[in-house]
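Note sheet for the following structure.
The values are calculated or read from the model by the stated rules, or taken from the named source; none is laboratory data. Not measured: the values here are computed from a predicted model. Backbone-built Cβ (ideal geometry, glycine too); neighbour counts: all protein chains shown.
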Amino acid sequence: MTQTATLHRALARIKTAVPRPIRSLSTAALAPVLFSYNSGHFQSTLKGIAVSRRGEPIPWYSYPCIDFLRHRPFQDKTVLEFGGGQSTLWWARRAAKVVTLEGDRGWLGKLATKVPGNVELHHVTDIDRNACVEQAEEILRCRPELTYDVIIIDGLWRFEMIDIAVRRLANNGMIICDDADGYGFHQGFLGLELNRVDFYGHVPGGAFPHVTSIYFPSTSFAFSSNHRIPLAARQ
């Protein structure tokens, strides 16, 4: 935040001393560079994984959604993920408990070497939709948590996970759907009386914009107006 304020002050001084055409060209050239650096997009592109500018894991959601989530409190929240990865590590640092269901055994094995003790990893088949649903239901049936504060649909048979997610959602929770313009999300949530916000923007390492959507009841903790409006500075 201090670095950002310093940069703004420096740019303000330059702005008064430089002719407008040069300022406009400089802004056009500088803005995408600053975005790529500050967001971690540059780092993510080089490494081929989603990371912040400091190299820390971040979800492969759209950047506007990541920024929104980054300013919400999750310390006492439980998270259920359909599809794990960098997001699992990101949520593990913020939430009390993370339960992740993943279909790729190889990726699950790599993830198991990185996750802390508040993460539970479970393998479910993603080859057959019916078997995937049955295994997911069985795993969740055996867990002590009846509902989850945050549910992410970012893998497995995504359309089929909608029903499970809605039934397992806490009254004040939210469901995050990545690549929400596909997988039948719109049709799957119709008539379920949940609000929706779409977060359009680039994703880590991606060349084109994506959309990550959040479905939530009116009582969702994440959308309370009591939350302060954050300063527009990436951390």
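Of all the residues that make up the stretch 176-194, how many are small (G, A, S) and outside any loop (DSSP other than H, G, I, E, B)?
1
Being in a loop (DSSP other than H, G, I, E, B) and surrounded by fewer than 20 Cβ atoms within 10 Å (Cβ to Cβ): is that true of P204 here?
no
Only one of these conditions is not met by P73: (1) under 19 Å from the mean Cα position of the chain (by Cα); (2) within 17 Å of L169 (Cβ to Cβ); (3) not in a strand (DSSP E or B). Which number is it?
(2)
So which of V98, V133, V115, V119 is in contact with a Leu (Cβ under 7 Å, 6 or more places away or on another chain) and either at pLDDT below 95 or not acidic (D, E) (or both)?
The match here is V115.
Need the failing condition index for S87 against (1) part of a helix (DSSP H, G or I); (2) small (G, A, S); (3) over 12 Å from the mean Cα position of the chain (by Cα), just the number.
(3)
Tell me which residues, restricted to the stretch 151-183, are of a type in the set (F, W, Y) and closer than 18 Å to D198 by Cα.
If the condition is that a residue be of a type in the set (F, W, Y) and closer than 18 Å to D198 by Cα, then F159, Y183 are the ones that fit.
With the condition kept exactly as written, say whether any residue in the stretch 112-119 is out of contact with any strand residue (DSSP E or B) (no Cβ under 9 Å at 6 or more places or on another chain) and without any contact (Cβ under 8 Å) to a residue 24 or more places away in the chain.
yes
Give the residues of the stretch 207-235 that are among the small types (G, A, S) and either part of a strand (DSSP E or B) or in contact (Cβ under 8 Å) with a residue 40 or more places away in the chain (or both), sorted by residue number.
Result: S213, S220, A222, A233.
Could you list all residues from the stretch 116-175 that are in a helix (DSSP H, G or I) and of a type in the set (D, E)?
E134, E137, E138, E160, D163
Quick check on the stretch 34-86: of everything there that is assigned by TED's automatic domain parsing to the domain that holds V124 and of a type in the set (K, R), which residue is nearest to F223 (Cα to Cα)?
This residue is R72.
What do you reckon, is G191 on the phi > 0 side of the Ramachandran plot and surrounded by fewer than 16 Cβ atoms within 10 Å (Cβ to Cβ)?
Criteria met by G191.
It is to be established whether one or more residues within the stretch 157-173 are under 24 Å from S44 (Cβ atoms) and either in the same structural domain as G84 (by TED's automatic domain parsing) or modelled with pLDDT under 95 (or both).
yes
Checking the conditions here, which among L101, L156, L121 is surrounded by 15 or more Cβ atoms within 10 Å (Cβ to Cβ), in contact with a helix residue (DSSP H, G or I) (Cβ under 6 Å, 6 or more places away or on another chain) and at positive phi?
L156
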